[in-house]
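In what follows, a structure is listed as structure tokens, so that the remarks can point back to it.
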Amino acid sequence: CEFPWGVAVVGQAGRFHPAQVYDSLMNLAALVILLQAERRPLARWQGFALFLILHGFTRFVYEFFRAGSSSTTMGSTSFTEAHVAAFAMMLVGGWLFLQVRPTPQEAPACARTFSTASVACARSSWAI
């Protein structure tokens, strides 16, 4: 890593990208996206599907920065088994997101804000 924030890895020569920092930042961005998505009426399982898409994406990107990856590369490419698993996670999340559609009775009647009334409304919609 040519950047000044490169870190030394035990047992490896040179400096590497701080992959854990990148992963944490990507996961914080995914959290913000999930929280924004939750303000909209989502069908049951759409929030989970969105999580699968976002987490799969962050893991896919993260794998490029990992030093001493425990996954083996696939052929002569720089893709690892973890890339394939993360991509599969994104595909499953995308498929699930498109399969479930919100119905009028699933959308909560109350506003999605952080007030006491909306918390009570949200709890009533959590019943399975």
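Observations on the model:
- All positions within the stretch 67-112 that are closer than 22 Å to V21 by Cα, at pLDDT 75 or above and not in a helix (DSSP H, G or I): S78, F79, T80
- Total residues in the stretch 1-45 satisfying the condition of being within 15 Å of the chain's Cα centre (by Cα) and open to solvent by less than 70 Å² (accessible area, probe 1.4 Å): the figure is 9.
- Test result for R59, of a type in the set (K, R) and either touching a strand residue (DSSP E or B) at 6+ places or on another chain (Cβ under 6 Å) or under 16 Å from M89 (Cβ atoms) (or both): yes
- Members of the stretch 72-89 that are open to solvent by less than 40 Å² (accessible area, probe 1.4 Å) and hydrophobic (A, V, I, L, M, F, W, C): A82, A86
- Top-ranked residue in the stretch 1-44 [being among the small types (G, A, S) and in a loop (DSSP other than H, G, I, E, B); ranked as farthest from F64 (Cα to Cα)]: A43
- Restricting the first member to the stretch 46-57 and to residues that are small (G, A, S), and the second to residues that are part of a helix (DSSP H, G or I), the beta-carbon pairs closer than 6 Å and six or more apart or on different chains are A49/G93; A49/L96; A49/F97; G56/A86; G56/M89; G56/M90.
The values are calculated or read from the model by the stated rules, or taken from the named source; none is laboratory data. This is a predicted model, so every value here is computed, not measured. Ideal geometry is used to build each Cβ from the backbone, glycine not excepted, and the neighbour counts take in all protein chains shown. Heads up: the accessible areas ignore ligands, DNA and RNA and are worked out on the full protein's heavy atoms, side chains in. Shrake-Rupley method; radii C 1.70, N 1.55, O 1.52, S 1.80 Å.
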